[in-house]
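The values are calculated or read from the model by the stated rules, or taken from the named source; none is laboratory data. Only a predicted model underlies this, so the values are computations on that prediction, with no experimental measurement involved. For neighbour counting, all protein chains shown are included, and Cβ atoms are generated from backbone atoms with ideal geometry for every residue, glycine included. Heads up: the accessible areas ignore ligands, DNA and RNA and are worked out on the full protein's heavy atoms, side chains in. Shrake-Rupley method; radii C 1.70, N 1.55, O 1.52, S 1.80 Å.
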Amino acid sequence: MLNESDISHLPGLSDVQAAERLRAEGYNELPTSKSRNLFAIALDVLREPMFLLLLGSCGLYLLLGDVREALFLLFFVCIVVGITLYQERKTERVLDALRDLSSPRAQVIRDGQTQRISGRDVVRGDVLVLAEGDRVPADARLLWGSNLSADESLLTGESVPVRKRAAADDVPLSTRPGGDDLPFVYASTLIVRGKGVALVEATGLHTEIGRIGKTLLKVEEEPTPLQRETRRMVQLFAVSGAAISLLVVVAYGLLRGDWLNGLLAGLTLAMSILPEEFVVILTVFLALGAWRMARAQVLTRRVPVVETLGSATVLCVDKTGTLTQNRMSVNRLFANGEYLDISAPLKTLPEKFHEVVEFAILASQRDPFDPMEKALRALGESTLARTEHLHQHWTLVREYPLSHELMALSHVWRGPDREHHVIAAKGAPEAIADLCHFSQAQLDMLDQSVRHLADLGLRVLGVARAEFREHLLPGKQHDFDFEFLGLVGLADPVRPAAPEAIAACRAAGIRVIMITGDYPGTAREIARQIGLSPDDRILTGPELDGLSDDELRRRLRHIEVFARVVPEQKLRIVNALKADGEVVAMTGDGVNDAPALRAAHIGIAMGARGTDVAREAAGLVLLDDDFSSIVAAVRLGRRMAANLHKAMAYTLAVHVPIAGLSLLPVLAGWPLILAPVHIVFLELIINPTCSIVFEAEREEADVMRVPPRPPGAPLFSRQLLALSLLQGAAVLLVMLAIFGVALYRGLEENEARALTFTALVISNLALVFTNRSWTRSLFDTLRLPNPALWRVAGGAVLILAIVLYVPAIRELFRFGVLHAPDLAFCLAAGVFGILWFEALKWLKRRAQLKTDKT
C-alpha cells in the first residue's frame, strides 16, 4: 500500500509502453453500434423513394425502346447517388470526430507526469488518479485512497455507495463487485466521495462490465421535435404526391391513350413533388452545427441542444473559472487584527502572518490541482522558503473532507520530531468560526473582516490550527480544539472577453444570471467588472431557502446575481425560471450540479475542471471553461436555425415550379415540359445547395440583436410556407408564360422546352442567391464568401452548357438550339421571378432604418 507522499513519485507507464499495449490489447471500449461504412450508406441511399422512382423511369424508357435515354438517366442517377454518398459520408466523419471528443476522460500518471487522456486510450498497467465525480475507466486495484466511496449500482444494483480501501499487492482481482472495503474499483462505476490512486488490471471486454455484456457507450436518442416535424412534412408531401401522380397517369392515359407515357409523366410528377431533401438538410445541419460548435470549444453531447440554443432566454453561469480566469493569487492576508496587501510580490512576510500561510498550506494537497491551493503553495515557496514553516518531511495521517454540513476540511499531520498530531483546517470563514466555537462578538468582528475582503472582489478562506495528543483520532473535525489563525483573500481576474460577451447577450435578449458560492461583496464587485448591474439586488442561498416557489419565481425576474449558493439550490433556480416560461441554459462542474444540468433546457458542463457526472448530465461541454465560448455557441445556434429556415424555404420554393411544370401541361393538353432526366439534372443543383451551401452561409448581421426564437416554434411556420409558396409560384408563372408564349409564337416544342428549362435553371440559382439573406440585397450577398455556392453554381452552368451545346446530349434532353439572345432572355426571365422578393427586402430595410432613426 502507498502513502499519499508516495504518489508524486509514481512513474506509471511510459508513453512508449502504453502505445505498445494499446496496439497489442486494443482500445478500452465495449462493442457498440459503429458508424456506417460506405457500403451501408450506399445501401440506405438505394432504398430511398427518389432512387426507386428513377429506376422505375429507366425501366419505362426501356419498355418504350429509348435505350439511350435509359442509360443516360442511369448515368445521372449515379451522379446524384455519388453526391448523396459524399454528403452522408461527410456527416458520418463529423459524427465520428464528435464521438471521439465526447468519450469519457481519464487522469493517469505516465512518465511521472499526471495527464488527462481519452478513456478509450487507458491500458492495463496504467496508474489512475481518481477523484469525486470521476467515472472509473477500467477495472483497477486501489493503491491508495482517502475517504473513497463508489456507486456500483450499475453492476450490483446496490443503491448505497460502497467504501473502498487499499490492500496488499498480492490480493487477487475480485470478479464480484459489491460490499464495503474491497480494494478494487470497476469500469463504469462512479466515484462519489474522496480520492484515490489505482493500478489498471483489466480493460475493454475483460472488465467486469465487459463480461456481463452491458453497453453504456451508445444511447438511443428519440427523434427530436424538428425531426418529427420534418418527417410529418415529408409524409404529407409523399401521400399528396402519390395521389396527384396517380390522377395524372389516369388523365394522361384517358385523354391521350398513351398509358406508358402517362406512367412516365406520373413518375416525373412524383419525383418533382417528393421533398426528400428535407431529411438530408436536417441531418447535415445538425451534424455540421455540432462540428462547428466543437471548433468553437463547445462539445455537443446531445443533438437536440443544437436546436434549443437559438431559443435560450436565460444563461445561468458560475463565476469561478467561467466568468473569471480560475488563476488564483493571494491578494490579502488578515491575522492578529491586521491586514496585509500582497497584490505586489513580496520576498518575505511579516512574522505575524507566517502561521496563517503555514497552516493554509498544511490544509492543502502536497501536489495541488485546485487553483486556490496552488496559489497558497506558490506564496509559501516564495516567502517562507528559508523558514521553519514549510514541512516537506511531515507525514499526512488523515484527512477530514469537506461536507455539505461543514464547508471546511482538515489535515492531520505528524512530524518526525513531534509526538503529537498537528491539525490544519481551512474553509468558509463561517465554518472555521464554527470549528473554533466563536462567540457572537467574535462572529461580528469576523463578519466585518470578511466583508472588507469580499468588497474588494476577493474569495475569502478562514484558517485554523489544533493539536491532538491522543493516539486514536476522533471521528469528526468538531472534536478538535481549534484556534483561529486568520483569513486569506484570493483574487481571480475576470476573463478579458467576459464584459463584451455579457453585452452581446444583453443585445440578443438573453439575461445572464451569475451564481457563486462567494460572499455578496465579492459577487457584487465581480458583477460590476463584467457589466452586470446588481445594485443591491443580490439573493443569497439562505435567503433563497426562505422563499416559497412563487416568491422565488417573482424575485427571479429582477435578480441577476446569486451569492452563497450551494449546488443543490441551482435546481430550484432552474425550475423556477422554467416555471416562469424561460428557456434556461445552466453551467456546472460538480457531482451535485448534475440534477440542475439535467433539468435545464441546455445543460453546460465544464470540460477542463468538470466531473464526469456533470459532463454526462449536460447537453454541451465547454472545453475551455470560458463564458465567451457559450456566447459563441449561442451565435452558432442562431446561425444554424436561420440557415435551416432558409434551406427549407428554398427547397420548398424550388419544388413548386418543378411540380407545376410537370402537372399543368398534362391538364392543359400541352407537350410535356419535364421528363425524369430533367428532374435528375435539377436534383444535381438542389441536393448540395439545400444542405452544404446553405449550411455554410454566414450569420445575418443582426443575429445577436434579435430576440430569441420562441421555444416550440414550428420549423414550417405560416410565414415560411407563405414565403416559399409565393417564391415558387412567381417562378412558375414566369416559366409557364415563357413556354406558352414560345408555342404561341410558333417555336418548335424542343426549342420552347430548352428555353423554359434554361430559364428554370437560372431561376433555381436566383432563388439560392436571394434566399442567402432575408435582409441583405442580392448584390450585397454576392460579396459574401461561400466557396460551396460558387462551386455548385459554376458546376450547374457548365453542365447546362454541355447539355445545350453537345448535340448527342441535347437530343437526349429533347432540346432545340439556343442562341445568344435566347440565353440573355433566359437570364433576364430567371432573375425577374425573384425581383418582388428583393423589393420586399428593400422595403423592410427602409422601414427598419426609419425605426432606428426614431
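Listing for the model above:
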| quantity | calculated |
| --- | --- |
| Within segment 627-643, tally of residues that are aromatic (Phe, Trp, Tyr) and either under 12 Å from GLU307 (Cα atoms) or within 13 Å of the chain's Cα centre (by Cα) (or both) | 0 |
| Candidates ARG418, ARG459, filtered to the one that is open to solvent by 10 Å² or more (accessible area, probe 1.4 Å), modelled with pLDDT under 90 and under 45 Å from the mean Cα position of the chain (by Cα) | ARG459 |
| Selected residue (criterion: farthest from ALA649 (Cα to Cα)) from residues of segment 243-268 that are of a type in the set (Val, Ile, Thr) and modelled with pLDDT of 75 or more | VAL250 |
| Failed item, numbered, when ALA507 is tested on (1) in contact with a Lys or Arg (Cβ under 6 Å, 6 or more places away or on another chain); (2) closer than 28 Å to LYS352 by Cβ | (2) |
| Matching residues, segment 346-377, being open to solvent by 40 Å² or more (accessible area, probe 1.4 Å), outside any loop (DSSP other than H, G, I, E, B) and without any contact (Cβ under 8 Å) to a residue 24 or more places away in the chain | GLU351, LYS352, ARG377 |
| Qualifying residue in segment 535-543 (condition: within 18 Å of THR587 (Cβ to Cβ) and surrounded by fewer than 22 Cβ atoms within 10 Å (Cβ to Cβ)) | yes |
| Segment 552-599 - residue that is among the polar types (S, T, N, Q) and open to solvent by 10 Å² or more (accessible area, probe 1.4 Å) and, of those, farthest from the chain's Cα centre (by Cα) | GLN569 |
| When residues of segment 477-491 are limited to those that are outside any helix (DSSP H, G or I), open to solvent by 10 Å² or more (accessible area, probe 1.4 Å) and out of contact with any helix residue (DSSP H, G or I) (no Cβ under 6 Å at 6 or more places or on another chain), the one nearest to GLU525 (Cα to Cα) | ALA491 |
| Residues satisfying the stated conditions in segment 518-545, i.e. without any contact (Cβ under 8 Å) to a residue 60 or more places away in the chain and in a loop (DSSP other than H, G, I, E, B) | GLY531, LEU532, SER533, PRO534, ASP535, ASP536, ARG537 |
| Cβ pairs under 8 Å, 6+ apart, first in segment 271-287 and assigned to a loop (DSSP other than H, G, I, E, B), second at pLDDT below 70 | LEU274/PRO49; LEU274/MET50; LEU274/LEU53; GLU276/GLU48; GLU276/PRO49; GLU276/MET50 |
| Residue that is surrounded by fewer than 20 Cβ atoms within 10 Å (Cβ to Cβ) and at pLDDT 70 or above, where the choices are PRO161, PRO177, PRO223, PRO183 | PRO161 |
| Tally, over segment 311-329, of residues that are in contact with a Pro (Cβ under 7 Å, 6 or more places away or on another chain) and open to solvent by less than 10 Å² (accessible area, probe 1.4 Å) | 3 |
| Search result, residues across segment 378-400 that are assigned to a loop (DSSP other than H, G, I, E, B) and not small (Gly, Ala, Ser) | LEU384, ARG386, THR387, GLU388, HIS389, LEU390, HIS391, GLN392, HIS393, TRP394 |
| Tabulated pairs, segment 1-25, first under 19 Å from GLU399 (Cβ atoms), second at pLDDT below 70, C-beta under 7 angstrom, 6+ apart or interchain | MET1/ALA168 |
| Members of segment 107-137 found to be in contact with an Asp or Glu (Cβ under 7 Å, 6 or more places away or on another chain) and surrounded by fewer than 16 Cβ atoms within 10 Å (Cβ to Cβ), listed by number | ASP111 |
| Scope segment 627-656; condition farther than 30 Å from VAL234 by Cβ and crowded, with 23+ Cβ neighbours inside 10 Å; matching residues | PHE627, ILE630, VAL631 |
| Residue check for PHE832: hydrophobic (A, V, I, L, M, F, W, C), over 25 Å from CYS690 (Cβ atoms) and touching a residue at least 12 places away in the same chain (Cβ under 8 Å) | no |
| Boolean, PRO671 is assigned to a helix (DSSP H, G or I), out of contact with any Ser or Thr (no Cβ under 7 Å at 6 or more places or on another chain) and open to solvent by 10 Å² or more (accessible area, probe 1.4 Å) | no |
| Some residue of segment 441-454 being more than 24 Å from ILE538 (Cα to Cα), open to solvent by less than 20 Å² (accessible area, probe 1.4 Å) and of a type outside the set (Gly, Ala, Ser) | no |
| Residue selected from segment 783-793 under the condition surrounded by 13 or more Cβ atoms within 10 Å (Cβ to Cβ) and among the hydrophobic types (A, V, I, L, M, F, W, C), by the criterion nearest to ALA752 (Cα to Cα) | ALA793 |
| Qualifying residue in segment 694-714 (condition: surrounded by 17 or more Cβ atoms within 10 Å (Cβ to Cβ), outside any loop (DSSP other than H, G, I, E, B), modelled with pLDDT of 85 or more and not basic (Lys, Arg)) | yes |
| Test: PRO401 is closer than 24 Å to TYR519 by Cα, surrounded by fewer than 16 Cβ atoms within 10 Å (Cβ to Cβ) and in contact with a strand residue (DSSP E or B) (Cβ under 6 Å, 6 or more places away or on another chain) | yes |
| Set MET271, MET293: member being at pLDDT 75 or above and either surrounded by 18 or more Cβ atoms within 10 Å (Cβ to Cβ) or acidic (Asp, Glu) (or both) | MET293 |
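Conditions tested, residue by residue: (1) among the basic types (Lys, Arg); (2) over 15 Å from PRO474 (Cβ atoms).
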| residue | (1), (2) |
| --- | --- |
| GLU381 | no, yes |
| ALA385 | no, yes |
| LEU396 | no, yes |
| SER410 | no, no |
| ARG414 | yes, yes |
